[in-house]
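To start, the structure itself, in structure tokens.
The values are calculated or read from the model by the stated rules, or taken from the named source; none is laboratory data. Just so it is clear, the model here is predicted, and its values are computed rather than measured. So basically every Cβ, Gly included, is an ideal-geometry build from the backbone, and we count neighbours across all protein chains shown.
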Amino acid sequence: MRISGEKLRRMMGFIPPTTFADGVCHLIGAFGNMGVVETDEGLVIFDIAVKPLGPKIFRELRKITDKPVKYIIYSHGHFDHCFGFAPFVEEIKEKGWEMPEIIAHENCIKRFKKYKMLDKYHAWLNKQQFSSIKGIEEVSAKETLDPTIIIRGSEKYTFKLGGLTLELYPEWGETDDAIWLWLPEKNVIFAGDLMVSHFPNVGNPYKVQRYPRHWALALERMLEKNAEYLVPGHGEIIYFKKKVRDVLSVTSEAMNFVHDEVVKKMNEGKWFEQIFHEMLDIFPDKFKKHEYLQPIYGCYEFSIHAVYRLYHGWYNTGNPTDLFPAKSDEIAKEFLNINSEVKYIDHAKLLFNEGKLQLALHILDVVIKGIKGTSLDKIKLLLEAYKLKVKILKRKAESETSFIATNIINNGANTLKPKIKELKEKLKN
Ligand SMILES: [Zn+2]
């Protein structure tokens, strides 16, 4: 079941500004929440959104308060949390204010360096992952607002402003540079992406390693605070101690479950495919049905990869055939030497009609990758295979709930469209 576009936008963070905790805290949603702590001595900002939405969050903030920004904290170094700073810096220069302190974890600095090194790659990759969201295209890390206060290792960092205590806790979870903020006098946790109101984005198909077990531990440490308000990195505030406790415990339980079960199966000498399918069979209903664990962005399936990848190399089938594999189109050509394209296409149609979409895709790829020759007959067959593949991918995307998976599938279908057009042109000539 797909959730509506509007609900998805809300969960991503496109929500109206909210003031809470006796008027001391504000949440300004964009793609990436901006948390604001308002004190008599100025503002503390927790995350500053994605670059193209910087002007939007700045305008929203200035409708609420005109106090100067004293601190900016990065919950982690992702593009949707630290890059919307330009209008804030402009204002500081205009008004002749002092630059705020920028607080981040030492691994955030390494992350910014990595982003600069891989600038074009990340632009390309994020364009794919977020292809269905318009207005957040610009993700370059060429310009960063660099940290002035650096938190090292796992050491807690505490400071005071305007009579309020701000405690910062470094963690690993979605990233290795995560920080969450605790306001003991106001019972508020700003969690960054350690809390996202849906299944944690662990095991993202495009991204580097993430840490399910550490993630669970971070949430357990948040639980100890018995907070009244929990502000996620995206989406709406979670209110009331009982609800906050419930959300934190079920999410940490889910992370522990995936971690411990995959580890158990690895210890039983199983390879990835077996582990993956066994994990699908044992996914508990209480997680599957929980409103805060829905596969809206990432999904349970991806998290299985995360754990396996954490402890295992790339040889994951246990089949020596896969150690030095031939090119997949060479393999497909050999299949077509044994059997005709027509038989593969007919069989793919049969599987499609039976609703076996994934198997149909594997069979169609034999034709798409292996077909040889440029005769009219071959062009017709290839065109048929492409068209059927697009149809299957669209059908798959319709029933997919994960934002990332849906974008991957739809992108795949869209890249075939120019090829279909080209083949049609060839047939006309
Ligand atoms: Zn985020």
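In the set (1) surrounded by 13 or more Cβ atoms within 10 Å (Cβ to Cβ); (2) away from the ligand (no atom under 16 Å from the Cβ), CYS108 fails one condition alone, (2). Which one is nearest to the ligand (Cβ to nearest atom) among residues in the range 75-92 that are assigned to a helix (DSSP H, G or I) and in contact with a strand residue (DSSP E or B) (Cβ under 9 Å, 6 or more places away or on another chain)? Among those residues, the one meeting the criterion is HIS81.
Applying the selection to the range 195-250, what residues are small (Gly, Ala, Ser), in contact with a strand residue (DSSP E or B) (Cβ under 7 Å, 6 or more places away or on another chain) and more than 16 Å from the ligand (Cβ to nearest atom)?
Residues of the range 195-250 that are small (Gly, Ala, Ser), as a first pass: 197, 203, 216, 218, 227, 233, 235, 249.
Filter once more, so that each one left must be in contact with a strand residue (DSSP E or B) (Cβ under 7 Å, 6 or more places away or on another chain): 197, 218, 227, 233.
If the condition is that a residue be small (Gly, Ala, Ser), in contact with a strand residue (DSSP E or B) (Cβ under 7 Å, 6 or more places away or on another chain) and more than 16 Å from the ligand (Cβ to nearest atom), then ALA227 is the only one that fits.
Checking ILE103 against (1) assigned to a helix (DSSP H, G or I); (2) of a type in the set (A, V, I, L, M, F, W, C); (3) in contact (Cβ under 8 Å) with a residue 12 or more places away in the chain, only one condition comes out false. Which one? With (1) assigned to a helix (DSSP H, G or I); (2) of a type in the set (A, V, I, L, M, F, W, C); (3) in contact (Cβ under 8 Å) with a residue 12 or more places away in the chain applied to ILE103, the lone miss is (1).
When restricted to residues that are outside the structural domain of VAL202 (by TED's automatic domain parsing) and of a type in the set (Lys, Arg), the range 233-277 contains 3. Being within 15 Å of the ligand (Cβ to nearest atom) and in the same structural domain as GLY233 (by TED's automatic domain parsing) is the requirement here; does VAL188 meet it? When the stated conditions are applied, VAL188 does not pass them. Assigned by TED's automatic domain parsing to the domain that holds TYR169, within 14 Å of the ligand (Cβ to nearest atom) and either crowded, with 24+ Cβ neighbours inside 10 Å or in a helix (DSSP H, G or I) (or both) - does that describe any residue in the range 58-71? No, the range 58-71 contains no residue that is assigned by TED's automatic domain parsing to the domain that holds TYR169, within 14 Å of the ligand (Cβ to nearest atom) and either crowded, with 24+ Cβ neighbours inside 10 Å or in a helix (DSSP H, G or I) (or both). When we screen ILE363, ILE371, ILE404, ILE420 for residues that are modelled with pLDDT of 95 or more, within 28 Å of TYR300 (Cα to Cα) and touching a helix residue (DSSP H, G or I) at 6+ places or on another chain (Cβ under 7 Å), the only hit is ILE363.
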